[in-house]
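Here the structure comes first, spelled out in structure tokens, and everything after it is commentary.
Bear in mind these aren't lab numbers, they're just calculated from the coordinates by the rules spelled out. What you see is a predicted model, and the numbers here were worked out from it, not measured in a lab. With ideal geometry, Cβ positions are generated from the backbone for all residues, glycine too; neighbour counts draw on all protein chains shown.
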């Protein structure tokens, strides 16, 4: 992370480029949706009163019948962003993993020629399929979160309301969905290493990931623990720093306070992306050094041959008292 900071900056660049494009696309879609709404003079009159009941009545009349358009916009945006992210993430991951493999190969093989580095092909097709699975899983997780809210609302019936039980049901289902999504997303993101390195397909790379975690459980756990602690420390540092502009909101102009909050938030997201690449680099290093160790164990160095013309038994001095069975003649 410190010797090759350009890789971390490249990770931040492609993620933020896609994020900026996604935010711009969502803003344009929201603006176009607002242009489809119609407000009558009566609605405007009710809005000018600023009375909560009258304002809510005006808004309900304005947004009545627009739920179908909202669903259409959300579906189209989700599909377009999922396809775009799948393509961009496949290209970016092929480049970053390939660069990490080249970097660690020279250390794992004591500086031999880099032409022997595995994974000469990027295998865009397999990476595309992996990221498509990740995008589909994320959409499924979003549906699961929505189902958690719906089931929580069903539990709180009108004749027998129980907000505590509804909240626990919603929280339990949402937590289970989040846990499953986190584990599967981690496995699929780690499988990209074996796609680029070994040229495996999707299912073979997932199988290799499982074998890798089983064979190097200690190293994988150590990497996840240290980078997890770093992530938690970054989160607490960001929440501490963001409290300063919020606390100074009564003294500073609103634009300055909001700018300070956005600046701290962006720095936190940049650090998280940088730590993500560092964790990926640690996993790549484990695979490379483990492979180099296995190769050396399978092909050990040959023993040094004895000196030419001298029998192996003559190399032992039989006149030594510690080795002889009789004392030397006096």
TODO: Kindly state, to the nearest 0.05, the FRET efficiency for residue 241 paired with residue 1, given R0 = 22 Å and r defined as their beta-carbon distance.
DONE: 0.55
TODO: Please compute the Cα-Cα pair-distance distribution of the range 216-295 with 5 Å bins starting at 0, giving whole percents from short to long.
DONE: 3, 14, 18, 15, 12, 9, 9, 7, 5, 4, 2, 1, 1, 0
Task: Potential extension, residue 149-residue 48 segment - 0.36 nm per residue separation minus Cα distance - done: 32.9 nm
Open item on the list: Full-extension gain between residue 74 and residue 272, please, as 0.36 nm times their residue separation minus the C-alpha to C-alpha distance.
Closed with: 68.5 nm
Task: residue 215 versus residue 31: modelled label distance in nm, points set 7 Å from Cα along the beta carbon direction - done: 5.4 nm
